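Let me begin by presenting the structure, written as structure tokens, before commenting on it.
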Amino acid sequence: MKMKNILTALILCCTASLFGQRNANAYWQQQVDYTMDVEMDVETFKYVGTQQLIYTNNAPDTLEKVFFHLYFNAFQPGSEMDVRSRTIADPDSRVMNRIQNLTPEDQGFLNVMNLTQDGEKLNTTLAGTILEVELKRPISPGEKSTFNMSFEGQVPLNVRRSGKNSSEGVALSMAQWYPKLAEYDFEGWHADPYIGREFHGVWGNFDLKLTIDNSYIVGGTGYLQNEEDIKIVSKTKKKRKNKTNTWHFVAPNVHDFTWAADPDYIHDKLQIENGPMLHFYYKNTLEEEYKKHWKNLQPITAKLMAFFNENIGVYPYKQYSVIQGGDGGMEYAMCTLITGERSFESLVGVTSHELAHTWFQFLMATNEGNHPWMDEGFTEYICTMAEVDVMNISEETYFDRAYKRYVNYAKSGFEQPQSTHADRYEYNGAYSTSSYVKGAVFLRQLNYIIGDKAFKKTLHDYYNAWSFKHPTPNDFIRCAEKASDLELDWYLTDWTKTDNVIDYGVRTIEKTDKGTEVTLERIGLMPMPTEIEIEYSNGDLERYYIPLQMMRGEKPTAAKTIILKDWAWAYPTYSFLLNNDKDVTSVSLDPDKKVADINSNNNRIVLEKK
């Protein structure tokens, strides 16, 4: 090989090592800083604004183009969101054909005008919810570029997540409302159209001045800078000469900005000792029962936050807001929008889930489109454990239902791997089960595989290494491997990238001259370490643990648990000897029910007592 080719190969090898093997210490990500000035007309629900965006290219690549998300364009007849909702077999009941039937004044749109880069006007192409922008001047690695624009929008009727006049009468739920720069990372551009699923954004700082009718109360992302200037005038009274307020918000180091506004909001505050200020916005027009629920929610929210702080990592911002709005529950930066007409248990449940999203997606900001199970599943697991701790719900009851739902999904013939893009699931039900349920089971099984101590360390290490970044599935499993000193790539691969299932069974129990021989079998393709409980006729119980050979180790077990020889995956059966004189009455696999085995009928053999 010629010297020049050798040098080229070495450079490529080093580059692959640097960017192919992701390391939190050698990690790069893009940076955006938004300054926006927006005026909202609450009579027409149209708004106009200006935006200056300073973009820092921290990538090793020169960028020739950029993309902006214009999410409100999804709420027009004929959009991809509309067509997908009308053609999927099990449409979201909140959407159905509602977009198709929106009148022109209830449709959404977002238009960008006068876009310049460093003072030079740019040519753009609109493709649904994506604005494609060819740059006049490429942005080299390490360079900054300033984009300026004016934009106009119309708030759609609340159909999905954001919009005007929600089913509960909230005037404005403003999520995904501004021209938002698409993410560029080690995988390239993520300019996904808005079809119905999740989001991915660039970390940065936001400075927003919002001018709106002076009867409206505003809450959401960011710290209010001019509270003393805000004068709320009752909508039932004659307004003073100045009919608007300008709310000035600053939000440091977030990857989105959301706000909600309504003239009937009650605004309560609760200061957590040595923690953030909690804000609660809910409509004064709620029935008294629901308003009482919102009052009782407030100390519970503080307890939930304390649980997440202790079990994941400390919430880093000075405030968090729970806001009535949206169409169910949806997480945003420093806040959530949730519907408010709920039972108290439901209100706590949705708040727990959306608050937990602050950690699993808004701090460890995974790509929700590519890995929705890391977002929804991790959140569902940790919010459930928080409710077990704070509300005394039954962990066993919840996960028994979750495991049954997963098993039904795995047997349905409609399962798709969790590596499926969120918009590419054939059925909405498949997306929900895969992302929420199977994602939650992923963490519960991981706890089973590596043990409590290593699992707790994994969550803390994951937060410490990857908060304020964009981690991937491999980044998480490497934290688990380092915390446990076990090989876990097999678990990530089989559970998330295939539809392989776990199915182990007790095959035979035979009395021999040397003792009782127990033979187990692996029926499904997915590997899993195995725990067995032996019951004897005298009532004694004995625990055995069979490590999975490809783990290259085993988890810590209880003192009386007997650790057997590793089970190599390719061998379909495994036998071991009980060399004692006791009579066996039963052999049970997974006695603690921590494994999502798709056929529990073969997990236990019971013998007649002699």
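The values are calculated or read from the model by the stated rules, or taken from the named source; none is laboratory data. None of the values given here were measured: they were computed from a predicted structure. Here Cβ is always computed from backbone atoms with ideal geometry, including for glycine, and neighbour counts include all displayed protein chains. Calculation scope for accessible area: heavy atoms of the full protein, side chains included, ligands and nucleic acids excluded. Shrake-Rupley method; radii C 1.70, N 1.55, O 1.52, S 1.80 Å.
For region 526-546, residues that are among the hydrophobic types (A, V, I, L, M, F, W, C) and within 15 Å of ASP581 (Cβ to Cβ) total 1. Inside region 54-69, residues that are in contact with an Asp or Glu (Cβ under 7 Å, 6 or more places away or on another chain) and part of a strand (DSSP E or B) make up a count of 3.
Any residue in region 375-398 that is open to solvent by 10 Å² or more (accessible area, probe 1.4 Å) and either in contact with a His (Cβ under 6 Å, 6 or more places away or on another chain) or part of a strand (DSSP E or B) (or both)? No, that holds for no residue. What number goes with the only condition from (1) on the phi > 0 side of the Ramachandran plot; (2) of a type outside the set (S, T, N, Q); (3) surrounded by fewer than 24 Cβ atoms within 10 Å (Cβ to Cβ) that GLY326 does not pass? The number of the failed condition is (3). Of the numbered criteria (1) assigned to a loop (DSSP other than H, G, I, E, B); (2) in contact (Cβ under 8 Å) with a residue 40 or more places away in the chain; (3) farther than 18 Å from VAL518 by Cα, the one LYS609 fails is (3). No other residue among GLU542, GLU535, GLU481 is in contact (Cβ under 8 Å) with a residue 40 or more places away in the chain and among the acidic types (Asp, Glu) apart from GLU535. Scan region 579-597 and tell me whether some residue there is touching a helix residue (DSSP H, G or I) at 6+ places or on another chain (Cβ under 7 Å), surrounded by 13 or more Cβ atoms within 10 Å (Cβ to Cβ) and aliphatic (A, V, I, L, M). Yes, the conditions are met somewhere in region 579-597.
Answer yes or no: is there a residue in region 505-526 that is surrounded by 15 or more Cβ atoms within 10 Å (Cβ to Cβ), among the polar types (S, T, N, Q), out of contact with any His (no Cβ under 9 Å at 6 or more places or on another chain) and closer than 24 Å to SER435 by Cβ. No: zero hits. In summary, PHE45 fulfils each of the numbered conditions (1) out of contact with any Phe, Trp or Tyr (no Cβ under 8 Å at 6 or more places or on another chain); (2) among the hydrophobic types (A, V, I, L, M, F, W, C); (3) more than 25 Å from ARG197 (Cα to Cα) with the single exception of condition (3). For the residues ILE546, ILE562, the requirement of being β-branched (Val, Ile, Thr) and closer than 29 Å to ASN408 by Cβ singles out ILE546.
Take the residues of region 559-576 that are out of contact with any Pro (no Cβ under 6 Å at 6 or more places or on another chain) and aromatic (Phe, Trp, Tyr): which is surrounded by the most Cβ atoms within 10 Å (Cβ to Cβ)? Top of the filtered list is TRP567. Based on this model, can you work out whether GLU531 counts as outside any loop (DSSP other than H, G, I, E, B), more than 29 Å from ARG401 (Cα to Cα) and among the acidic types (Asp, Glu)? The answer is no for GLU531.
The residue pairs whose first member lies in region 400-428 and is free of Cβ contacts under 8 Å to residues at least 40 places away in the same chain, whose second member is of a type in the set (Phe, Trp, Tyr) and open to solvent by less than 20 Å² (accessible area, probe 1.4 Å), and whose beta carbons are closer than 7 Å, counting only pairs six or more residues apart or on different chains, are TYR425/TYR431. For LYS438, the conditions (1) in a helix (DSSP H, G or I); (2) more than 16 Å from ILE382 (Cα to Cα) all hold with the exception of (2).
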